Amino acid sequence: MTRVRFRTVGAALLGAAVGACGDAPSAPRAAAAPAAAPDRALVGSLVSGLTGTLTSVNGLLWAVPATQASVAKTIGPAGGTLSLGSGLTMVVPAGAVAGNVAFSITRVPGTIVAYDFQPHGTKFAVPVQLRISTAGTLAKLLPGSARLEGAYFLDGSRLSHASGTASVSEFRPVTLSGDRSTLSYTVDHFSGWMVSTGRR
């Protein structure tokens, strides 16, 4: 009789253990242990590339605060280029857009090298390249260890020209020419893009 009881209890315990590992909604679950406080720097590095997650960065700065300037041009499926003076050139490759698009670039006035691209919300089938001249900026004063990245900002309220910092939600790898005269990176959507010189 005792052996039968032990076998019955053992079978019940085994069944409960197997049930707990199953996907059934009614399967019993152990209480989760309290999570340790996350390391903020680690979390920031893991999620900084996700749109909507804000990361504070230092921005590439103008040697003298810039004034606002704009340029516009319609570019179609065959592609084309649009330049704002000698400071920035946007290269739209063939196939990036399906129809004619009235593009515009506006240099954001202030200390941070930043540009507003329109139409806002435009997405590209083929990435658009941004080429930014470092003339008139403090790029040549940056240490070799500076981490340069293209950075997306939603609107001008995310830029702090007084501190030279910004809150951004996406990063793109930057290519710096050998003589440090040109920065370039690609984007697959608009609106605001700048150059980050390091995450804070």
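Bear in mind these aren't lab numbers, they're just calculated from the coordinates by the rules spelled out. None of the values given here were measured: they were computed from a predicted structure. Note that each Cβ is placed from the backbone with ideal geometry, even for glycine, and that neighbours are counted across all protein chains shown.
Going by a ≥ b ≥ c, the root eigenvalues of the Cα gyration tensor, does segment 151-192 fall in the rounded group (a/c under 1.5), the prolate group (a/b larger than b/c) or the oblate group? Cα axes put segment 151-192 in the oblate bin.
If you take the square roots of the eigenvalues of the alpha-carbon gyration tensor of segment 101-186 and sort them as a ≥ b ≥ c, do you get rounded (a/c under 1.5), prolate (a/b over b/c) or oblate? It comes out oblate by the Cα gyration axes.
Leu154 sits among other residues whose Cβ lies under 15 Å from its own Cβ, and their net charge, with Lys and Arg +1 and Asp and Glu -1, is -2. Proximity of backbone amide H atoms, modeled 1.01 Å from N, is registered between Thr122 and Phe190 at under 5 Å, excluding neighbours fewer than 5 places apart on the same chain. Here the 3J(HN,Hα) profile of segment 107-115, calculated from phi with Karplus coefficients 6.51, -1.76 and 1.60 at θ = phi - 60°, is 6, 6, x, x, 8, 8, 6, 8, 9 Hz, Gly and Pro shown as x.
Between His189 and Lys140, the C-beta separation translates, for a Förster distance of 25 Å, into a calculated FRET efficiency of about 0.25.
In this simple spin-label approximation, Leu54 and Ser157 carry label points 7 Å from Cα along the Cα→Cβ vector, and these lie 0.9 nm apart. Computed from the C-beta positions of Ala78 and Thr182, the FRET efficiency with R₀ = 25 Å rounds to 0.50.
Annotation: amide H-H contacts under 5 Å for Val174 (H modelled 1.01 Å from N, sequence separation of 5 or more, or interchain): Gly150.
Using the Cβ-Cβ distance between Asn100 and Thr67 with R0 = 30 Å, the FRET efficiency computed as 1/(1 + (r/R0)^6) comes to roughly 0.50. Near Thr134, the amide H atoms lying under 5 Å from its own belong to Thr182, Leu183; only residues 5 or more places off or on other chains count, and H is placed 1.01 Å from N.
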